[in-house]
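Nothing in this text is a laboratory measurement; each read-out follows from the coordinates by a stated rule. Since this is a predicted model, take the numbers as computed values, not measurements. When we count neighbours, we look across all protein chains shown, and the Cβ atoms used for this are built from the backbone with ideal geometry, even at glycine.
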């Protein structure tokens, strides 16, 4: 987080209304420029995931690839 802040890729977006009042962050225009995007809408979708019986994250796309 500190390096992202240092490089100006994220900035503070205010305190969240959660226990402990953690700080929220948002990306900056510098972030978009660095990665070649003009808006957040151009970012790729995150992979679909779920928690298994051990509460570990399982990415559905990886499971599908291993089955085929």
Taking the number of other C-beta atoms within 10 Å as the exposure measure, put 10, 59 in order starting with the fewest.
59, 10
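Which order do the peptides 16-29, 40-53 take when ranked by the mean count of other beta-carbon atoms within 10 Å per residue, highest first? Each step should come with its number before you reach the end.
Numbers: 16-29: 11.0, 40-53: 8.8.
Highest to lowest by the protection proxy: 16-29, 40-53.
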Run the numbers on the range 2-67 and let me know its relative contact order in percent, using alpha-carbon pairs under 8 Å that are six or more apart.
18
Based on the Cβ-Cβ distance of residue 6 and residue 42, what FRET efficiency does E = 1/(1 + (r/R0)^6) give at R0 = 25 Å, to the nearest 0.05?
0.50
